[in-house]
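K.L.:
The structure under discussion is supplied below as structure tokens; questions concerning it will follow.
Derivation of every value follows stated rules applied to the coordinates shown; laboratory data play no part. Source: prediction; values computed, not measured. In this analysis, Cβ positions are derived from the backbone assuming ideal geometry, glycine residues included, and neighbour counts consider all displayed protein chains.
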Amino acid sequence: MEYRISGTTRLGGLLGSPVSHSLSPAMHNLSFQMLGIDSVYLAFDVTNDRLADSVRVLKEFNTYGFNLTMPCKKAVMESLDEISKEARLIGAVNTVVNRDGKLTGYNTDGIGYVESVRERGVVIEGSEITLLGAGGAACAAAVQMALCGAKKIHIANRRTPTFRAAQSLVDRINQETGCEADLTDLEDTNTLRAHIASSSLLTNATSVGMAPDVEKTPIPDASMLHEGLFVSDIIYNPKTTRLMRDAQERGLDCCSGMYMLLYQGAAAFRLWTGQEMPVESVREKYFG
Ligand code: NAP
């Protein structure tokens, strides 16, 4: 289909730095084009010192909304009129919707994660889960799994400033969702083994194993990976991490973080347009 930009075309995009490598413009523009939606999506290299001004301009220009990436996901919250429950619990916004000049912040990263494991048959409702890491991606996954009805989430991080910050995330989950969350030291291998043993899903949301350190794994002993456990790695580079290879060697199902990116975009697209992103076409073209 021919793609025309006209006097009525609406603008939206991605704010953050760096953004030139992002797949989001390709994903959203293909979707607008396929569905005949008169909108475009661009990437804007913006850091926090210029964020409030950039948001004001995007509001002024009647954009449909925008995405945020590092380092803008927390700082943008000060410039918004409303924050959704999941974004407040996560403490970060990755999607803003502009409804007649009123800006509402959402976080679709956790939805992206949950969708990516659900399509592999993982059931979150009523499940016990071990989550490695307590950084940005881990917070989003933990909150969304809690909101989707997980019974228990064991969060494990090494004892760093992230560990101390994660205690307040655990408190928010315990106070505001029906899920029971706890926080333990990732280096306490006995507790980690016990938590994984009672879990049906293990999620790696640390950056351990990410390229170029592809031989690293956050699980020191692969015998912790028991029968029936689904192993999910949020890392998407490499496509198959050492943790996933260890799981496959034990005959376990696993998946990478590749489709989390696709589904967080699909959830943002739904918020902006009320329509479903043509995910199969986007997957085929950009996630091959
Ligand atoms: P982040 O906020 O910096 O968090 C990184 C996490 O990894 C923290 O919990 C950190 O703990 C832990 N970590 C780092 N090095 C470690 C080590 N040597 N040993 C143990 N733990 C370690 O980063 P993020 O944004 O959450 O990203 C985490 C990973 O998820 C990255 O690989 C990123 O590429 C991936 N990701 C994927 C998607 C997707 O769409 N699939 C989206 C976002 C992120 P400390 O703070 O204690 O070091």
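K.L.:
What percent antiparallel are the DSSP beta bridges of the chain, to the nearest 5?
P.N.:
20 percent
K.L.:
Which residue fluctuates most in the GNM of the chain (Cα springs below 10 Å): VAL117, VAL214, VAL76?
P.N.:
VAL214
K.L.:
Running a GNM on the chain with Cα contacts under 10 Å, which residue among ASN48, ASN190, ASN62 ends up with the highest mean-square fluctuation?
P.N.:
ASN190
K.L.:
Does anything in the range 259-286 have its amide N under 20 Å from the 7 Å Cα→Cβ label point of PHE61, and if so which residues?
P.N.:
269, 272-273
K.L.:
Given the options THR189, THR217, THR63, state which has the largest fluctuation in a GNM of the chain using a 10 Å cut-off (strictly under) for Cα springs.
P.N.:
THR189
K.L.:
For the chain, what does the alpha-carbon gyration tensor say about shape, rounded, prolate or oblate, given a ≥ b ≥ c as the root eigenvalues, a/c under 1.5 as rounded, and a/b over b/c as prolate?
P.N.:
prolate
K.L.:
Projected onto the charge dipole of the range 31-160 (+1 at Lys/Arg Cβ, -1 at Asp/Glu Cβ, origin at the Cα centre), which of HIS154, MET34, CYS72 gives the Cα projection farthest towards the positive end?
P.N.:
HIS154
K.L.:
Under a Cβ-Cβ cut-off of 9 Å, what is the net charge of the residues other than MET260 that fall near it, where Lys and Arg count +1 and Asp and Glu count -1?
P.N.:
Summing Lys and Arg as +1 and Asp and Glu as -1 gives -2.
K.L.:
Assuming a ≥ b ≥ c are the square roots of the Cα gyration tensor eigenvalues, decide whether the range 57-148 counts as rounded (a/c under 1.5), prolate (otherwise, with a/b larger than b/c) or oblate.
P.N.:
Prolate shape, in that a/c is at least 1.5 and a/b is the bigger ratio.
K.L.:
Right, here's the next one. Going by how many other Cβ atoms sit within 10 Å of their own, how do CYS139, CYS255 line up, fewest first?
P.N.:
On the way: CYS139 27, CYS255 20.
Listing CYS139, CYS255 from fewest to most nearby Cβ atoms yields CYS255, CYS139.
K.L.:
Nearest 0.05, what FRET efficiency do ARG158 and ALA26 give at R0 = 22 Å with Cβ-Cβ as r?
P.N.:
It comes to 0.05.
K.L.:
If you don't mind, there's one more thing I want to ask. Along the charge dipole of the range 33-123, pointing to its positive end and built from +1/-1 on Cβ of Lys, Arg, Asp and Glu, which listed residue (ASN98, THR63, VAL117) has its Cα farthest out?
P.N.:
After comparing all options, I get VAL117.
K.L.:
Please rank HIS195, HIS21, fewest neighbouring Cβ atoms within 10 Å first, as an exposure proxy.
P.N.:
Ascending Cβ contact count within 10 Å gives the list HIS21, HIS195.
K.L.:
A follow-up question, please. Rank these for me by crowding, TYR64, TYR236, going from fewest to most other beta carbons within 10 Å.
P.N.:
With the fewest neighbours first, TYR64, TYR236 line up as TYR236, TYR64.
K.L.:
Based on the alpha-carbon gyration tensor of the range 123-258 and its eigenvalue square roots a ≥ b ≥ c, which shape applies: rounded if a/c is under 1.5, prolate if not and a/b is larger than b/c, or oblate?
P.N.:
In terms of gyration-tensor shape, prolate.
K.L.:
Considering amide H positions built from the backbone, and no H for Pro or chain starts, which residues 5 or more places from TYR236, or on another chain, come under 5 Å of its amide H?
P.N.:
Hits under the 5 Å cutoff: GLY257.
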